[in-house]
Amino acid sequence: MRKGEPQQFFENPWLSWLRRTLPAQAAGIALAISAAGPAVAQTAPPAPPVTVAAPLARSVAQWDEHTARIEPSARVEVRPRVSGQVTEVHFRDGALVRPGDLLFTLDRRPFQIAVDSARAELARTEARLLLAEQQLARYAPLAQQRIAPESELDTRRSAVREAQGSLAAARAALRQAELELEWSEIRAPRAGRVSDRRVDAGNLVQAGATLMTTLLATDPVYAVFDASEAQYLRYARAARGGMRDASGAPVRLRLLDEADFSHEGRLDFVDSAFEGRSGTIRARAVVPNPALLLTPGGFARLRLFVTEEEALMVPDAAVVADQAGRAVLTVTPDGTVAPRPVQLGPLVDGLRVVRSGLSPEDRVIVGGLHRARPGTRVTAQQGRIGQSPLASAQ
């Protein structure tokens, strides 16, 4: 550059090229995007498919659940009816016994002596009666012939009646002695399971006072539970004559380690009044226990039959939980997913009873539940709820 000439700026050739080409390329990209817009919109994914079905309308038995206490159907405290010394114990602690099985034996010698004495006294009174009858027979003709006075005849007749009374007393004493001899063998009054022995051989026991063992009748057993006032009123109205007329209503039991209510029984007793503090009423069911699995003192879950009514049922997997409680997802006619809050009942044959919140015309999502979101659109595919619910589409 020469001195005095105006200054000139020389631009980089690459910068010039970019300045000329970038606007054209940007316009081309914008044109391509605008031309491809309809194509992009046409390839948007469709609404996800789900399987829907109407709730299954079915007549189901309504059961209420309670916590029941297992109690023996009979409890017997075995005590001696006579006093004496224990000579033998004939059972094993905790054994099952049948009616009449020998449990304890007392020293029988004093009772055998009492029986022999009573028999001797009976023979003595029989001899006295025989003598009195012979004397009466001897004096009767003499009195008729006025040889003997009538007063003597009356005396003989009185002696006969007195001897007859003594004979009856002697026979009763003999029966009492024989009974006490029989009571010296203490036997099981009924079938059941005995506890451990409280006395051993050699101990003296007092009649009616000494507890020797306890016997529990374990087949059948009682299942005792408490019902609230509201439950009682529902039972009473369902029975149409009061809950006491509902005796014979079926019950089912499930032990703590069991999944099914496999033990069946019948309601047989309802108490006459509510308990003042808890406001509950006591009820009792009889449950057969041939396997002796129901042990007195244990607990079980009890279902009591209330009534049979029509109900709507859905698969248990179709029920979802939200902050408000339980709900099922339904599909409206325009394909929108709409949740329905529901009141649930028990699980019956793999299906959940819905007490309220659904109508028979609702389309419940039973398959593809993970693809449904409330408020979104889905493609509904018709399914069916049966005894074995329709498998969900994956």
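The values are calculated or read from the model by the stated rules, or taken from the named source; none is laboratory data. Predicted model only: the values in this text are computed from it and were never measured. FYI the Cβ positions are ideal-geometry reconstructions off the backbone, even for glycines, and counts take in every protein chain you see.
For the reader, a short list of remarks on this structure follows.
- Of the listed requirements (1) in contact (Cβ under 8 Å) with a residue 24 or more places away in the chain; (2) not assigned by TED's automatic domain parsing to the domain that holds Val286, Ser151 misses just one: (1).
- Residue under evaluation Ala172, criteria (1) surrounded by 15 or more Cβ atoms within 10 Å (Cβ to Cβ); (2) under 20 Å from Pro110 (Cα atoms); (3) not hydroxyl-bearing (Ser, Thr, Tyr), criterion not met: (1)
- All strands (runs of 3 or more DSSP E) inside the stretch 337-384 with 1 or more residues being closer than 30 Å to Ala259 by Cα: 337-341, 343-348, 351-356, 364-367
- Matching residues in the stretch 290-313 - criterion: being among the hydroxyl-bearing types (Ser, Thr, Tyr) and in a loop (DSSP other than H, G, I, E, B): Thr295
- Members of the stretch 265-280 found to be in contact (Cβ under 8 Å) with a residue 24 or more places away in the chain and not in a strand (DSSP E or B), listed by number: Phe274, Glu275, Ser278, Gly279
- Here Gly192, Gly165 are screened, and the one residue that is in contact (Cβ under 8 Å) with a residue 40 or more places away in the chain and of a type outside the set (Lys, Arg) is Gly192.
- Exclusive hit being surrounded by fewer than 16 Cβ atoms within 10 Å (Cβ to Cβ), modelled with pLDDT of 85 or more, under 28 Å from Arg58 (Cβ atoms) and under 14 Å from the mean Cα position of the chain (by Cα), set Arg266, Arg301, Arg252: Arg266
- Residue in the stretch 314-332 that is surrounded by fewer than 17 Cβ atoms within 10 Å (Cβ to Cβ), within 17 Å of the chain's Cα centre (by Cα), among the basic types (Lys, Arg) and not in a loop (DSSP other than H, G, I, E, B) present: no
- Residue satisfying condition, being touching a residue at least 60 places away in the same chain (Cβ under 8 Å) and among the charged types (D, E, K, R), within set Glu121, Glu88: Glu88
- Selected residue [among the acidic types (Asp, Glu), at pLDDT below 90 and surrounded by 14 or more Cβ atoms within 10 Å (Cβ to Cβ)] from Asp271, Asp257: Asp271
- In the set Asp64, Asp116, only one residue is loosely packed, with under 15 Cβ neighbours inside 10 Å and among the acidic types (Asp, Glu); that residue is Asp116.
- The condition (being closer than 13 Å to Leu103 by Cβ and either among the hydrophobic types (A, V, I, L, M, F, W, C) or out of contact with any Pro (no Cβ under 8 Å at 6 or more places or on another chain) (or both)) is satisfied by just one residue among Leu179, Leu211: Leu211.
- Any hit, the stretch 102-111, residues being more than 23 Å from Arg187 (Cα to Cα), touching a residue at least 24 places away in the same chain (Cβ under 8 Å) and not polar (S, T, N, Q): no
- Checked against (1) within 30 Å of Leu96 (Cβ to Cβ); (2) modelled with pLDDT under 90; (3) assigned to a strand (DSSP E or B); (4) not acidic (Asp, Glu), Ala283 passes all but condition (2).
- Which listed residue, of Arg58, Arg19, Arg81, is modelled with pLDDT of 50 or more, among the basic types (Lys, Arg), surrounded by 10 or more Cβ atoms within 10 Å (Cβ to Cβ) and in a loop (DSSP other than H, G, I, E, B): Arg81
- Restricting attention to the stretch 333-350, the residues that are exposed (fewer than 12 other Cβ atoms within 10 Å of the Cβ), over 18 Å from Gln62 (Cβ atoms) and in contact (Cβ under 8 Å) with a residue 24 or more places away in the chain total 1.
- Some residue of the stretch 235-248 being modelled with pLDDT of 75 or more, in contact with a strand residue (DSSP E or B) (Cβ under 8 Å, 6 or more places away or on another chain) and not in a helix (DSSP H, G or I): yes
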